[in-house]
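What follows is a short report on a single structure.
The values are calculated or read from the model by the stated rules, or taken from the named source; none is laboratory data. Note that the structure is a prediction, hence the values are computed from the model and not measured. Glycine gets a Cβ as well: all are built from the backbone with ideal geometry, and neighbour counts include every protein chain shown.
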Amino acid sequence: MNATDTVFLTPEGHDKLNAELKHLIDVRRPDVARMIREAKDAGDVSENSGYDEAKEQQGFVEGRIQELEDMLRRAKVIEDPSTRDVVMLGSRVKVAEDGEDPEVFRIVGSAEADPIKGLISNNSPLGAALIGKRVGQVASYTAPGGTNMTFKILEIR
């Protein structure tokens, strides 16, 4: 993802990232600062594994805060589509692969994609294949392993 790209988020995804950011700023940052203070108070920091661990945690927390702030600054919240005629960002799509049970996916931006939870990125092979399709149409793509995948669109919610 490019630093200037729009980050597409559902309202739930936007709330989740805001909650994570608030937790990092209000809880984790002060915890890590306390750990660093305690490690410094314990004496020589040059051979203090507690200090090293706390500094590592600080780097992770600060990096994640910057990443979240950047994503939220570039965020565009996608609402539920006003039309159910065509698959688009934000759509919930019920699809079936030949011989398999139907599955429901929600098309989301890559920042909140979680295929195990049925959230697939609009940039993923399946997400890209579904975008613009209508009920009754077939979406096909080639999986990373080279397998051709075909899904029939049963419903757009």
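Odds and ends about this structure:
- Looking across segment 19-59 at every residue that is at pLDDT 95 or above and hydrophobic (A, V, I, L, M, F, W, C), the one that is farthest from the chain's Cα centre (by Cα) is identified as Ala33.
- Lys117 being basic (Lys, Arg), crowded, with 17+ Cβ neighbours inside 10 Å and at negative phi: no
- The set of residues in segment 40-59 that are surrounded by 11 or more Cβ atoms within 10 Å (Cβ to Cβ), more than 21 Å from Val27 (Cα to Cα) and not β-branched (Val, Ile, Thr) comprises Ala42, Asn48.
- Scanning segment 119-130 for residues that are free of Cβ contacts under 8 Å to residues at least 40 places away in the same chain, over 11 Å from the mean Cα position of the chain (by Cα) and either more than 18 Å from Gly145 (Cβ to Cβ) or not in a helix (DSSP H, G or I) (or both) yields Asn123, Ser124.
- Evaluation of Ala111 against the conditions (1) within 26 Å of Gly13 (Cα to Cα); (2) small (Gly, Ala, Ser); (3) at pLDDT 95 or above shows that the sole unmet condition is (3).
- Qualifying residue in segment 40-53 (condition: closer than 22 Å to Asp5 by Cβ and acidic (Asp, Glu)): no
- Matching residues in segment 41-91 - criterion: being basic (Lys, Arg) and in contact (Cβ under 8 Å) with a residue 40 or more places away in the chain: Arg64, Arg74, Lys76, Arg84
- Residue satisfying all of: in segment 60-86; at pLDDT 85 or above and small (Gly, Ala, Ser); surrounded by the most Cβ atoms within 10 Å (Cβ to Cβ) among these: Ala75
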